[in-house]
Amino acid sequence: MSRLSGKAGEVTVAGVSVTGIKSWNLEYTVEALDSTAFDSAGVSAFIPGVSKWSGSFEGHKDSAPLTIGTEIALVLKESQTATQKATGQAIVTSFGAKTEITGLVTYSYSFQGTGALIIPTT
(Lines give C-alpha, C1' and ligand atoms only; values in the text may rest on other atoms or scores of the structure.)
Protein backbone atom coordinates (compact mmCIF):
# COMPACT_ATOMS: atom_id res chain seq x y z
CA MET A 1 0.00 0.00 0.00
CA SER A 2 1.30 3.43 -0.84
CA ARG A 3 1.71 6.22 1.67
CA LEU A 4 -1.06 8.75 2.01
CA SER A 5 -0.89 12.50 2.52
CA GLY A 6 -3.25 13.90 5.15
CA LYS A 7 -3.88 17.09 3.19
CA ALA A 8 -7.29 15.90 1.94
CA GLY A 9 -8.56 14.78 5.36
CA GLU A 10 -11.90 15.98 6.65
CA VAL A 11 -14.26 15.77 9.63
CA THR A 12 -18.00 15.69 9.00
CA VAL A 13 -20.77 15.86 11.58
CA ALA A 14 -24.29 14.87 10.54
CA GLY A 15 -23.15 14.92 6.90
CA VAL A 16 -21.77 18.47 7.04
CA SER A 17 -18.04 19.26 6.84
CA VAL A 18 -16.67 20.98 9.95
CA THR A 19 -14.76 23.82 8.30
CA GLY A 20 -11.37 24.94 9.55
CA ILE A 21 -10.31 21.55 10.94
CA LYS A 22 -6.62 20.83 10.44
CA SER A 23 -6.09 17.57 12.35
CA TRP A 24 -7.93 14.65 13.92
CA ASN A 25 -6.95 11.51 15.82
CA LEU A 26 -8.71 8.28 16.62
CA GLU A 27 -7.98 5.62 19.24
CA TYR A 28 -9.72 2.23 18.78
CA THR A 29 -9.00 -0.35 21.47
CA VAL A 30 -10.20 -3.66 22.90
CA GLU A 31 -9.89 -4.74 26.52
CA ALA A 32 -7.71 -7.76 27.22
CA LEU A 33 -9.43 -9.76 29.98
CA ASP A 34 -7.20 -11.87 32.19
CA SER A 35 -8.35 -15.49 31.88
CA THR A 36 -5.34 -17.04 33.62
CA ALA A 37 -6.24 -20.13 35.65
CA PHE A 38 -4.49 -23.09 37.25
CA ASP A 39 -4.64 -24.92 33.93
CA SER A 40 -2.73 -22.12 32.17
CA ALA A 41 0.57 -23.88 33.02
CA GLY A 42 1.96 -20.80 34.77
CA VAL A 43 1.56 -18.58 31.74
CA SER A 44 -0.77 -15.59 31.62
CA ALA A 45 -3.74 -15.98 29.30
CA PHE A 46 -6.12 -13.34 27.97
CA ILE A 47 -9.30 -13.14 25.93
CA PRO A 48 -10.70 -10.12 24.11
CA GLY A 49 -13.35 -8.08 25.90
CA VAL A 50 -15.31 -5.07 24.75
CA SER A 51 -13.95 -2.57 22.26
CA LYS A 52 -14.19 1.21 22.50
CA TRP A 53 -13.12 4.22 20.50
CA SER A 54 -12.49 7.89 21.12
CA GLY A 55 -10.45 10.75 19.79
CA SER A 56 -10.26 14.43 19.06
CA PHE A 57 -10.09 17.01 16.31
CA GLU A 58 -8.95 20.61 16.15
CA GLY A 59 -8.64 23.51 13.82
CA HIS A 60 -9.28 27.17 13.17
CA LYS A 61 -12.50 28.79 14.34
CA ASP A 62 -14.72 29.02 11.31
CA SER A 63 -18.23 28.68 12.80
CA ALA A 64 -20.12 28.33 16.08
CA PRO A 65 -18.75 25.55 18.31
CA LEU A 66 -20.33 22.11 18.56
CA THR A 67 -22.31 21.54 21.77
CA ILE A 68 -20.77 19.20 24.35
CA GLY A 69 -22.92 16.33 25.54
CA THR A 70 -24.60 15.85 22.17
CA GLU A 71 -24.50 12.66 20.13
CA ILE A 72 -23.28 13.17 16.58
CA ALA A 73 -22.94 11.15 13.39
CA LEU A 74 -19.17 11.41 12.89
CA VAL A 75 -17.04 10.71 9.82
CA LEU A 76 -13.26 11.04 9.96
CA LYS A 77 -11.88 11.05 6.42
CA GLU A 78 -8.25 10.20 5.71
CA SER A 79 -8.67 11.38 2.12
CA GLN A 80 -11.46 11.95 -0.39
CA THR A 81 -11.39 8.25 -1.37
CA ALA A 82 -14.74 6.79 -0.29
CA THR A 83 -13.27 3.80 1.61
CA GLN A 84 -10.66 5.80 3.55
CA LYS A 85 -12.81 6.95 6.45
CA ALA A 86 -13.90 5.96 9.96
CA THR A 87 -17.62 6.27 10.68
CA GLY A 88 -19.77 6.01 13.79
CA GLN A 89 -21.91 7.71 16.41
CA ALA A 90 -20.04 9.70 19.07
CA ILE A 91 -20.69 12.01 21.99
CA VAL A 92 -18.86 15.35 22.07
CA THR A 93 -17.19 15.20 25.51
CA SER A 94 -15.18 18.42 25.55
CA PHE A 95 -14.64 21.70 23.76
CA GLY A 96 -11.66 24.05 24.06
CA ALA A 97 -10.77 27.39 22.55
CA LYS A 98 -7.38 29.05 22.24
CA THR A 99 -6.59 32.63 21.29
CA GLU A 100 -3.14 34.18 21.06
CA ILE A 101 -2.00 37.55 19.81
CA THR A 102 0.19 36.15 17.04
CA GLY A 103 -2.12 33.37 15.87
CA LEU A 104 -5.59 32.40 14.80
CA VAL A 105 -8.37 31.40 17.19
CA THR A 106 -8.51 27.60 17.35
CA TYR A 107 -11.18 25.19 18.56
CA SER A 108 -10.56 21.67 19.82
CA TYR A 109 -12.99 18.84 20.56
CA SER A 110 -12.83 15.41 22.19
CA PHE A 111 -15.34 12.66 21.55
CA GLN A 112 -16.29 9.22 22.85
CA GLY A 113 -17.66 6.68 20.40
CA THR A 114 -20.94 4.98 21.21
CA GLY A 115 -21.70 1.79 19.34
CA ALA A 116 -19.78 0.25 16.47
CA LEU A 117 -17.01 1.98 14.55
CA ILE A 118 -16.65 1.33 10.84
CA ILE A 119 -12.95 1.60 10.03
CA PRO A 120 -11.19 2.31 6.69
CA THR A 121 -10.99 -0.65 4.33
CA THR A 122 -8.08 0.54 2.17
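The values are calculated or read from the model by the stated rules, or taken from the named source; none is laboratory data. Since this is a predicted model, take the numbers as computed values, not measurements. When we count neighbours, we look across all protein chains shown, and the Cβ atoms used for this are built from the backbone with ideal geometry, even at glycine. Side chains are part of the model used for accessible areas, which takes the heavy atoms of the whole protein and leaves out ligands, DNA and RNA. Shrake-Rupley method; radii C 1.70, N 1.55, O 1.52, S 1.80 Å.
For segment 15-30, indicate whether the set of residues that are of a type in the set (Val, Ile, Thr) and in contact (Cβ under 8 Å) with a residue 60 or more places away in the chain is non-empty. No, because not a single residue in segment 15-30 is of a type in the set (Val, Ile, Thr) and in contact (Cβ under 8 Å) with a residue 60 or more places away in the chain.
Do we have any residue at all in segment 45-58 that's over 17 Å from Phe111 (Cβ atoms), out of contact with any helix residue (DSSP H, G or I) (no Cβ under 8 Å at 6 or more places or on another chain) and touching a residue at least 24 places away in the same chain (Cβ under 8 Å)? Reasoning before the result, please.
Here is the first cut: in segment 45-58, the residues over 17 Å from Phe111 (Cβ atoms) are 45-50.
Narrowing further to those that are out of contact with any helix residue (DSSP H, G or I) (no Cβ under 8 Å at 6 or more places or on another chain): 45-50.
Subset that is touching a residue at least 24 places away in the same chain (Cβ under 8 Å): none.
Looking for residues that are over 17 Å from Phe111 (Cβ atoms), out of contact with any helix residue (DSSP H, G or I) (no Cβ under 8 Å at 6 or more places or on another chain) and touching a residue at least 24 places away in the same chain (Cβ under 8 Å), one finds none in segment 45-58, hence no.
For segment 39-51, the criterion of being closer than 27 Å to Lys7 by Cα and either acidic (Asp, Glu) or open to solvent by 40 Å² or more (accessible area, probe 1.4 Å) (or both) is satisfied by no residue at all.
In segment 65-74 there is at least one residue matching the filter, namely being more than 14 Å from Val16 (Cα to Cα), open to solvent by 30 Å² or more (accessible area, probe 1.4 Å) and assigned to a strand (DSSP E or B). Scanning segment 7-27 for any residue that is touching a Lys or Arg at 6+ places or on another chain (Cβ under 8 Å) and either of a type in the set (D, E, K, R) or open to solvent by 50 Å² or more (accessible area, probe 1.4 Å) (or both) turns up at least one such residue. Restricting attention to segment 54-64 and to residues that are assigned to a strand (DSSP E or B) and touching a Gly at 6+ places or on another chain (Cβ under 7 Å), the residue that is nearest to Glu31 (Cα to Cα) turns out to be Ser54.
Is there a residue being polar (S, T, N, Q) and assigned to a strand (DSSP E or B) anywhere in segment 33-47? Within segment 33-47, not a single residue is polar (S, T, N, Q) and assigned to a strand (DSSP E or B).
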